Amino acid sequence: MDKEKILEKSREIHQDEGMEHAESQGREIGFIAFCILFIFLVIFNLFYGESVTFYAISSLFWALSAGESYGKYRFAKTKLHFISAIVCSITSILSVANYIIITLR
């Protein structure tokens, strides 16, 4: 296949590898920034916060981790990613439940 046919085929399916790469890097940078902020808030919360705040922010972290793991599972079909998605989902649900229970007391 020559270069023009490959480019034409790529245009037909509306696939831009440069944009896909940029989106992937953006998600990766966003995930790292989220994790750094999460760690800061957890440490700050240990000294100055209430436990209810910990459950609120940890539920967000576990939901994000579950989504990441599930996305990787759908692509790679590995048992580790599947188990990670389930465990992170359950942990997120439990954190939300704890947050609601403590808040409504």
Q. D16 fails exactly one of the following numbered conditions: (1) at pLDDT 80 or above; (2) more than 24 Å from L104 (Cα to Cα). What is the number of that condition?
A. (1)
Q) Can you find even one residue in segment 40-49 that is within 24 Å of S24 (Cβ to Cβ) and part of a loop (DSSP other than H, G, I, E, B)? A) no
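Are any of the residues in segment 54-70 loosely packed, with under 14 Cβ neighbours inside 10 Å and not hydrophobic (A, V, I, L, M, F, W, C)? Please lay out each step first, then the result.
Here is the first cut: in segment 54-70, the ones loosely packed, with under 14 Cβ neighbours inside 10 Å are none.
Scanning segment 54-70, I find no residue that is loosely packed, with under 14 Cβ neighbours inside 10 Å and not hydrophobic (A, V, I, L, M, F, W, C), so the answer is no.
The values are calculated or read from the model by the stated rules, or taken from the named source; none is laboratory data. It should be emphasised that the depicted structure is a prediction, and the values quoted were computed from it without experimental measurement. Counting neighbours? That spans all protein chains shown, and the Cβs are built from the backbone with ideal geometry, glycine included.
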